[in-house]
Amino acid sequence: MLSRVRLGLGIRRRMVKAPLDPARIAWSFDIYSWLAELEAGHWVLDIGSGEGSFQWACLGCVAALDEDPKSFRNAPDRDPSSYHRVCGRGDRLPFGDHSSDLIICHHSLEHLDGLERVLGEMARVLKPDGRLYVAVPNGYGLCDAVYRFVFEGGGHLSRFAREPLAGMIERTVGVRLARWQKLYSSFAYLRRLMNLMATRPAGLSRRLRRLGRFPWALGAAQWVLYLGSRLADRVLGTDFGVYGWALYFDHGSGAPVEDPPYVNVCLNCGAGHHALSVHRPYPGVYRCKICDRVNPFVRPFRNSA
Ligand SMILES: [Zn+2]
């Protein structure tokens with residue numbers, strides 16, 4: 001009992017008083033590092049883009065591909081001279097051979113049918129020196145399990161583990177894994193579901209209608225999962241808060257590098273933030289750089305940033 005009290009007080013003291021150590025968490029690689037390296041004339045192919053995988057302004061041109069034209073309806077305005085929305089399938093990419101400098105597959109690969117064919121098409125359209133970014137959920141993790149339960153599968157057609165997937169991509173696309181990063185979750189889909197219930201949409205499944213009777217419980221569950229998973233990961237060394245991985249492939253050589261994950265992820269929009277990059281208006285909270293909502297601030301632990 002005494003040790004538990006000491007453990008609890010120790011964590012609280014470190015969380016409240018110890019300053020962040022810029023020497024340990026000063027920098028982390030993410031997709032914006034690659035987007036910033038794009039030059040005029042470069043082409044980015046965003047497969048399964050929906051409204052757009054990232055809010056970015058880059059020098060290259062973007063082809064945002066999605067099978068469902070309805071996914072473009074609520075997309076923000078973009079410069080039509082450099083951002084092109086295209087309806088098409090991942091396993092029949094409507095682009096020429098060796099036409100893409102960077103392919104982005106941001107939480108879309110698990111939704112695509114015919115994985116081998118999709119990867120084969122990526123190999124065809126990627127330039128010989130092109131790069132490939134893939135972010136997928138851990139198909140055996142807590143976040144994906146909750147998602148699959150709430151949305152009764154949620155359209156996830158594939159269930160991935162990191163190393164087998166990375167090996168499959170390397171063999172099929174002809175690239176090598178250069179870097180990878182764990183992605184922490186904010187269980188933001190529960191927030192989106194809670195907001196959706198306020199509009200009382202038609203055509204929901206029986207399970208969603210039942211869950212929708214208690215929208216406050218969805219919000220409460222998100223907070224419990226968010227904070228509880230991070231506390232468990234900090235104290236027990238688990239990965240309950242990790243949603244999946246970001247995988248970065250190129251045509252170089254050498255062993256892959258693991259980059260520090262961002263443990264602060266917006267409860268509203270799901271964007272991850274480096275702990276030293278966020279504005280913290282009050283102790284214990286930070287403001288999301290994407291949607292401006294205030295979130296609880298979690299001190300980085302283990303190798304997180
Ligand atoms: Zn946000």
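The values are calculated or read from the model by the stated rules, or taken from the named source; none is laboratory data. Computed from a prediction, not measured in an experiment: that's the story for all the values here. Heads up, the Cβs are rebuilt from the backbone with ideal geometry, glycines too, and the neighbour counts pull from every protein chain shown.
The table for this structure:
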item	result
Single match in Leu183, Leu211 (criterion: touching a residue at least 60 places away in the same chain (Cβ under 8 Å), crowded, with 18+ Cβ neighbours inside 10 Å and farther than 21 Å from His111 by Cα)	Leu211
Every pair of residues 6+ apart whose Cβ atoms lie under 6 Å, when the first sits in the range 121-148 and is on the phi < 0 side of the Ramachandran plot while the second is in a loop (DSSP other than H, G, I, E, B) and of a type in the set (A, V, I, L, M, F, W, C)	Glu121/Leu93; Val125/Leu93; Val125/Phe95; Leu132/Val175; Leu142/Phe240
Residues that are not β-branched (Val, Ile, Thr) and not in a helix (DSSP H, G or I), drawn from the range 207-245	Arg213, Phe214, Gly237, Asp239, Phe240, Gly241, Tyr243, Gly244, Trp245
Hey, Tyr248 assigned to a helix (DSSP H, G or I), within 17 Å of the chain's Cα centre (by Cα) and touching a residue at least 60 places away in the same chain (Cβ under 8 Å) or not	no
Check on Arg171, within 22 Å of Asn138 (Cβ to Cβ), in the same structural domain as Ala305 (by TED's automatic domain parsing) and without any contact (Cβ under 8 Å) to a residue 12 or more places away in the chain	no
Qualifying positions in the range 193-206 - surrounded by 14 or more Cβ atoms within 10 Å (Cβ to Cβ) and assigned to a helix (DSSP H, G or I)	Leu193, Met194, Leu196, Met197
Any pair with Cβ under 7 angstrom, 6 or more apart, that starts in the range 254-271 at a residue that is within 14 Å of Leu183 (Cα to Cα) and polar (S, T, N, Q) and ends at one that is in a loop (DSSP other than H, G, I, E, B) and near the ligand (Cβ under 9 Å from one of its atoms)	none
Residue count for the range 247-277, restricted to those that are touching a His at 6+ places or on another chain (Cβ under 9 Å) and near the ligand (Cβ under 9 Å from one of its atoms)	2
Considering residues of the range 214-238 that are surrounded by fewer than 17 Cβ atoms within 10 Å (Cβ to Cβ) and more than 27 Å from Leu196 (Cα to Cα) only, the residue nearest to the ligand (Cβ to nearest atom)	Leu231
Sole exception among (1) touching a strand residue (DSSP E or B) at 6+ places or on another chain (Cβ under 7 Å); (2) more than 30 Å from Ala275 (Cα to Cα) for Trp180, by number	(2)
Answer residue from the range 278-305, given it is within 13 Å of the ligand (Cβ to nearest atom) and either among the polar types (S, T, N, Q) or in a loop (DSSP other than H, G, I, E, B) (or both) and is nearest to Asp233 (Cα to Cα) among those	Asn295
Some residue of the range 173-182 being more than 28 Å from Asp91 (Cβ to Cβ), within 21 Å of the chain's Cα centre (by Cα) and either among the hydroxyl-bearing types (Ser, Thr, Tyr) or modelled with pLDDT under 95 (or both)	no
